[in-house]
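A.B. asks: Below is a structure I'd like to ask you about.
Bear in mind these aren't lab numbers, they're just calculated from the coordinates by the rules spelled out. The shown structure was predicted, so the numbers you read here are calculated from the model rather than taken from an experiment. Cβ: placed from backbone, ideal geometry, glycine included. Neighbour counts: every protein chain shown.
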Amino acid sequence: MVALSLLLACAPRGTGTVPETDASTDDTSGGGDTSVPTRPLAGPTDAVRGLDDLWCDTDGVAGSWTRDGVPVPSEGGGISALDTRAGGVFVCTVPGHDPVTLEPRLAGTNLLIVLVDDVGREQVAAFGGTHGPPTPAIDGLAARGIRFSRAWTPPLCSPTRATLATGRHPSRTGIGDLVLLHAGSSMSSEEVTLGAALHAADTPWSTAWIGKWHLNRGDEPDHPLRLGFDRFVGTSANLDTISDPVATPRPDGLGYARWERNDGGNLSIVEGWVTDRTVEDALSAARTLPEPWAIVVAFHGVHKPWDLPPGAPVPADDYERVDEMLVDLDRAIGDLVAGLDEDTTIALLSDNGSAGEVAEEPYAQLQAKGSLQEGGIRVPMLIAGPLVREPGAISRGLVQSADLYDTALAMAGLDAATVDERLGVVPRERDSVSLLPYLSDPDRPSLRDTVFTERFWPNEPLRPWIRWVTIRDDRYKLVRTWSVASAEPGWLLFDLGDDVTEGQELLSNQPDASALAAQERLTAELERLDASFAADPVGR
């Protein structure tokens, strides 16, 4: 499990719905309002499990807590949001005052995860991009959400989908490169996906994956259902492929307007703009699945083939063609959001950076999708909705695509150990940390010390031919490259900070003591992760 810096960052007084002051104090002096506002002893009174830090103090005196009658460790009278997700009755006691009882509630909101394809940060204005077209729907979500400025994914489609679905690094799932319909193998059925895990909640959640899956062989078209999702409608892989490699005649003109539709394992060639069909299928799931639900909507835009949307002007080059596709994708996201209840929590992220052919400054072709450089792995990511306390804020926390798994579990009042126990499966390591605490306090210290990602080929993590890994902390980024042709691994170190590109490589340029210490620290963490991967109990 990734080492966590479980730093207690108590929310400012007044976090949540409880007011900082109580203006209802009566003035009985007869000489005007000279009442002294008072603050509650403990709060917030409407705390959400896994979202809000709890506080208990008055006049500089920190209180103590019990949960269901059992003492709970606290720091300065505070309990981290990470420690409230399981719920219970919390009682705050300060000497000389009556105890205060709080019972944090579940989030009470459905969850929609929007996954877009090959959309780099440089294409989206809300994430500092200066090259893409207007994206009003994404901008609107950013304005009422929290943006994560240092979010990582694996550098390719299939590994990112596997991390999102399982909360586990590629070396645990065995998916380090693209899953092909006609070669290799599907992601293991032993994985506990988001689709299955949420069934373990006290009130079981309905789950669906709509759109592109890209984690199965062609002979397992019902793969998402086998892995626990209640509904799957979309495509097994990219739009220019079909599941049967010997189909005769092979369909012509496959793409965004003609494609192989997979409806719960039933395959057919259909016509119609796939982006619109994805929205229709997602809204149908949202209307018909019992609540609460979690739905992943995985759009194809803006992945190849770069087909022009209906009515789009003829572009001058591939850059303009992708711009038109992004305009269409943003329009579809707007249609999707408009069709949902306003109390839906919405997460949005890209599966990797831009395709190299259309990557733009500050990235370039070899710094984009497929690479471990920032242009390949640092992606647009946000969460919007009623749980966000400071709309429009930006978090500098180190986060990754796998974290949306634990975020969903926290919304359901679950943790990973409870899921494994209730589902009766072999306990396994996960690499996911809930993002809910950032929604109440985007300025809190990072809940992780480090963030990690990787790429390897073939999809056999213990026997790869090539393997590239990278890890970063708040400032430094370490890259290790290896192949069967290498006598020794290669190492790169960068002073990254808040930069969106790597800059100068340090190890070949007389690194200072701080850089060398970072190399040692990050190397040790890589070794710990490798040992954990090798010992993982789940078959791959």
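A.B. asks: Hey, fewest Cβ within 10 Å first, where do 138, 269 land in order? Don't skip to the end; give the middle numbers.
C.D. replies: Values: 138 29, 269 12.
Ordered by Cβ neighbours within 10 Å, fewest first: 269, 138.
A.B. asks: Then there is this: Of all alpha-carbon pairs in segment 450-530, indicate the percentage at a distance above 15 angstrom. Walk me through the intermediate numbers first.
C.D. replies: Values: 1862 of 3240 pairs.
The proportion of pairs with Cα distances above 15 Å equals 57 percent.
A.B. asks: Quick check on packing: order 124-133, 400-409, 337-346 by the mean number of other C-beta atoms within 10 Å, highest mean leading.
C.D. replies: Numbers: 124-133: 19.1, 400-409: 28.4, 337-346: 15.9.
So the peptides 124-133, 400-409, 337-346, ranked by packing, come out 400-409, 124-133, 337-346.
A.B. asks: Once both axes come from the Cα atoms, what is the angle between helix 318-338 and the longest principal axis of the chain, in degrees from 0 to 90, rounded to 10?
C.D. replies: Result, in degrees: 40.
A.B. asks: By count of other Cβ within 10 Å, fewest leading, how are 460, 75, 454 ordered? Walk me through the numbers on the way to the answer.
C.D. replies: Numbers: 460 15, 75 11, 454 24.
Placing the least packed residue first, the sequence is 75, 460, 454.
A.B. asks: Under a 5 Å amide H to amide H cut-off, with H placed in plane at 1.01 Å, what residues pair with residue 177 once short-range neighbours are removed?
C.D. replies: Here 456 satisfy the definition.
A.B. asks: Let me ask another. Please report, in Å, the Rg and the Dmax of segment 401-540, where both are computed over Cα atoms only.
C.D. replies: In Å, with Rg to one decimal and Dmax whole: 17.6, 53.
A.B. asks: Here's a follow-up. Out of segment 210-292, which GluC sites (Glu not before Pro) are coil in DSSP terms and have no more than 12 other C-beta atoms within 10 Å? Don't skip to the answer; put the middle values down first.
C.D. replies: Details: sites: 260, 271, 280; in loops: none.
Here no loop site has a sparse enough neighbourhood.
A.B. asks: Percent relative contact order of the chain, based on C-alpha pairs within less than 8 angstrom and at least six residues apart?
C.D. replies: Numbers: 1276 pairs, mean separation 105.8, N = 540.
Averaging sequence separation for qualifying contacts and normalising by length gives 20 percent for the chain.
A.B. asks: Let me ask something additional. Return the Rg/Rh value of segment 266-425, two decimal places, where both radii are evaluated on C-alpha atoms and Rh is the Kirkwood radius.
C.D. replies: Values: Rg = 18.3 Å, Rh = 18.4 Å.
With Rg and the Kirkwood Rh in hand, the quotient comes to 0.99.
A.B. asks: Where the Cα atoms of segment 267-335 are projected onto their three principal axes, how long is each span, largest first, in whole Å?
C.D. replies: Projected onto its principal axes, the Cα set of segment 267-335 covers 47, 27, 18 Å.
A.B. asks: Give me the Å³ per residue figure for the convex hull around the C-alpha atoms of segment 207-344.
C.D. replies: Once divided by residue count, the hull of segment 207-344 is 111 Å³.
A.B. asks: Nearest 10 degrees, 0 to 90: what angle lies between the long axis of helix 513-534 and the longest principal axis of the chain (Cα atoms)?
C.D. replies: Taking Cα atoms only, the helix is inclined about 70 degrees.
A.B. asks: For helix 157-166, what angle does its Cα long axis make with the longest principal axis of the chain, in degrees from 0 to 90 and rounded to 10?
C.D. replies: 40 degrees
A.B. asks: Hey, any idea what the orientation-averaged projected area of the convex hull of segment 337-473's Cα atoms comes to, in nm²?
C.D. replies: Details: hull surface 45.2 nm².
Mean projected area for segment 337-473: 11.3 nm², to one decimal.
A.B. asks: Less than 16 Å apart at the alpha-carbon level, and either on another chain or at least 8 residues along: which lysines does that give for residue 212?
C.D. replies: Straight-distance partners of residue 212: 304.
A.B. asks: What spacing in nm lies between the two simple spin-label points modelled at residue 504 and residue 98, each 7 Å away from Cα in the Cβ direction?
C.D. replies: Reported label-point gap for residue 504 and residue 98 is 6.6 nm.
A.B. asks: How do 182, 214 rank when sorted from fewest to most other Cβ atoms within 10 Å of their own Cβ?
C.D. replies: Values: 182 14, 214 28.
Ascending number of Cβ neighbours within 10 Å: 182, 214.
A.B. asks: Taking 8 Å as the Cα distance limit and 6 or more residues as the minimum spacing, I'd like the relative contact order of segment 81-151 as a percentage. Please list the in-between numbers first.
C.D. replies: On the way: 52 pairs, mean separation 11.0, N = 71.
Relative contact order, segment 81-151: 15 percent.
A.B. asks: Can you compute the equivalent ellipsoid semi-axes for segment 69-205, i.e. the square root of 5 times each eigenvalue of the Cα gyration tensor, sorted largest first and rounded to whole Å?
C.D. replies: Numbers: eigenvalues 291, 119, 40 Å².
For segment 69-205, the ellipsoid semi-axes come out as 38, 24, 14 Å.
A.B. asks: Starting from the Cα of residue 320, step 7 Å along the direction of its Cβ; do the same at residue 516; then give the gap between the two resulting points in nm.
C.D. replies: Taking the two extended label points, one gets 5.5 nm.
A.B. asks: Using the Cα centre as the reference, give the magnitude of the dipole from point charges on the C-beta atoms of segment 46-119 (Lys, Arg: +1; Asp, Glu: -1; all else neutral), rounded to the nearest 20 debye. Don't jump to the answer; show the numbers that get you there.
C.D. replies: Values: 4 positive and 12 negative charges, 53 e Å.
Roughly 260 debye, rounded to the nearest 20.
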